[in-house]
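Below: the structure, in structure tokens.
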Amino acid sequence: SMLIKMIETADMTEYSINRAGIEAPLMIMRSDGGIMDVEQMRKRPIMTMLSGPAAGVAAALKYVRISDGVFLEVGGTSTDITAIKNGKALIKTAQIGKYKVYIRTLDVRTVGVAGGSMVRENKGNILAVGPRSAHIAGYKYVAFAEDNEKAEVIESVAPLKDDPKDYVVVKGRNNTYALTTTCIANFMGFIQEGDYGAGNLSFVSESVKKFSEKISKKTSEVADNIMEVAVKPVRNVVSSLLEDYELDPQLLTLTGGGGGAKSLVPYTGKKMHIPVEVADNAEVISAIGAALAMIRETIEKTVLEPSPQDILKIKREASESVMKMGALPDTIEVQIEIESQKNILRAIATGSTEFRTDQNVQKEVDWDNVQQEVAQSMRVDTGDINMVGQTDFLKIFQSRIRDKKFFGLIKLEKFPTRIVDIEGIIRLQLASAAICSEQKKNFKDALIKIVKDNVIYGDAGEEIPDVFLIYRRNISDFQGLTSIEQLTAVVDSEIEKLTEDETLIGVLDLSTR
């Protein structure tokens, strides 16, 4: 039903860009967090469905460079929450209402609370925060009142028809204002002078004091109660993501984006005991993400027990597809996924255009500070980490942790591993890993040996560990391959154009072993 308008909008946009003389390619966000050119959009407009939150997640990956964490994009009315694992956003089958749709989309979960959410109170109790926001209700925030404003009366209102009549507003001399999470975050010091969202602290404090007097509670208690209620649905979703994707809270950071990031994210991290950071330029994070998103293509086929030839063929098809859309060959990475139970073979190709690649400016890096960050993420001292491999663009750091089980009778060793890029950003972190570093001419034999040494046998038979291939600036992800034959076929295709003396590093994920 939207097809005609979709194509018409694309045609108008393309015409306007060309007439304006803009040389940057026209790309459109996809629901899986990538972008595609306008011709591909005309062929498959359904791929844009549910792409709204995708730009923010693209920024989390390409701008904030999150490796393992949870990204919360906080707007005025709602918060979009997604998990990132091993530098990749997590994907699921899309669902519209009760219907599953055969497209893959980012697993972004939305809650109806954000920076503009209004407070609900009845008989001294904070019932809820949101879902009504000041934006939709047409109220200004208490925090954004004029400097000469004076709080006079606290009232309860129904902001819109059919809303409950228990939303808190503050009547001032000149206007009526909504008490929101942004206001409380200003009061509690999470938003400070100079931050985006900083406001009239004097009027905020006066309003919170009057509200507290009305319900006969201390101001600190009221503020904490409001924030506790506000972040409860956020905490529930974060906890659910950690459980669903088996994410280790010890390796995570909660990263906030969006104009309302500081209204919710710092308090959520405080309550969950998870480190927090707010992205630079958080208020325009989606625009940045749209500009930096990678060209992406996904090809799926139904294949019973995929052979190495099947894998190489679909890998080549995906790579050629993104190349046709403008991706530079040297930037193209292809991830292979195999869903044995559904007999699905999937290739996910990503790549950058020349325009996007030119934007990457190398910055000066203090490697002493980087090693401190690496050690901190591993929960070890700086002296306990070693660099165990490197390319011109990536460094691999590792430590060793001895863990005793069953009253010290069994001693286990783990090797926490971090891969850091030339800008000092942790690109991949594993709770334990084995490393294989060799020149190309000797690499395949060494990789096969270390993989065989770490095979385990389960109900489904032989299980090889997940493997990452490191070379140049690439971290190629070979998770999901089920046999050594599949692995060697994919590795062969990946390294065929490299010189014989080039260094390759295999990283085996042993976190669950």
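Estimated from helices alone, the mean residue ellipticity of the chain at 222 nm is -10000 deg cm²/dmol (sum of -39500 (n - 2.57) over DSSP H runs with n ≥ 4, per residue).
Rounded to the nearest whole Hz, the Karplus-based 3J(HN,Hα) values (6.51 cos²θ - 1.76 cosθ + 1.60, θ = phi - 60°) of segment 127-144 follow the sequence 6, 6, 10, x, x, 5, 10, 4, 4, 5, 6, x, 9, 7, 6, 4, 5, 10, with x at glycine and proline. Taking trypsin sites (Lys or Arg not before Pro) across segment 167-235, the ones in a DSSP loop with at most 13 further Cβ atoms lying within 10 angstrom of their Cβ are Arg173, Lys218. With each label modelled as a point 7 angstrom along the Cα→C-beta vector, the Lys171-Ser16 pair spans 4.4 nm. Under 24 Å of direct C-alpha separation, and excluding same-chain neighbours fewer than eight residues apart, Lys301 reaches these lysines: Lys43, Lys88, Lys92, Lys100, Lys313, Lys315, Lys324, Lys342. By accessible area, using a 1.4 Å probe on protein heavy atoms only, segment 167-301 has 46% of its surface on carbon and sulfur.
Over segment 97-146, what portion of Cα pair distances is larger than 15 Å, expressed as a whole percent? Spell out each step's value before the answer.
Working: 773 of 1225 pairs.
It works out to 63 percent of all Cα pairs.
Loop-resident GluC sites (Glu not before Pro) (DSSP state other than H, G, I, E or B) in segment 177-267 with no more than 15 further Cβ atoms inside 10 Å of their Cβ: Glu193, Glu246. Against the chain, whose longest principal axis is taken from its Cα atoms, helix 219-244 shows a tilt of about 20°. For the chain, the solvent-accessible area works out to 50 Å² per residue, with a probe of 1.4 Å and every protein chain left in place.
Rounded to the nearest whole Hz, the Karplus-based 3J(HN,Hα) values (6.51 cos²θ - 1.76 cosθ + 1.60, θ = phi - 60°) of segment 169-180 follow the sequence 10, 10, 8, x, 5, 10, 6, 10, 10, 8, 8, 10, with x at glycine and proline. Evaluating 6.51 cos²θ - 1.76 cosθ + 1.60 at θ = phi - 60° for every residue in segment 187-201, the Karplus couplings come out as 4, 7, x, 5, 9, 10, 4, x, 6, 5, x, 5, x, 7, 5 Hz, glycine and proline recorded as x. Recomputing percent of Cα pairs over 39 Å apart from the coordinates shown identifies the correct label among (1) 37; (2) 34; (3) 22 as (2). Between Arg513 and Ile4, the simple label model (points 7 Å from Cα in the Cβ direction) yields a spacing of 5.9 nm. Between Trp367 and Ser220, the contour length at 0.36 nm per residue exceeds the alpha carbon distance by 48.7 nm.
What fraction of the DSSP beta bridges in the chain is antiparallel, stated in percent and rounded to the nearest 5?
Rounded to the nearest five, the antiparallel share is 90 percent.
Computed from the C-beta positions of Asp403 and Gln479, the FRET efficiency with R₀ = 22 Å rounds to 0.35.
How many percent of all Cα-Cα pairs in segment 265-305 sit more than 11 Å apart? Of all Cα-Cα distances in segment 265-305, 76 percent exceed 11 Å.
With the Cα gyration tensor of segment 202-353 giving a ≥ b ≥ c as the square roots of its eigenvalues, does the rule (a/c under 1.5 for rounded; else a/b larger than b/c for prolate; else oblate) give rounded, prolate or oblate? Taking the square roots of the gyration eigenvalues as a ≥ b ≥ c, segment 202-353 is prolate.
The values are calculated or read from the model by the stated rules, or taken from the named source; none is laboratory data. Quick caveat, the model's predicted, so the values are computed rather than measured. Cβ: placed from backbone, ideal geometry, glycine included. Neighbour counts: every protein chain shown. Areas reflect the complete protein model, heavy atoms only, side chains present, ligands, DNA and RNA absent. Shrake-Rupley method; radii C 1.70, N 1.55, O 1.52, S 1.80 Å.
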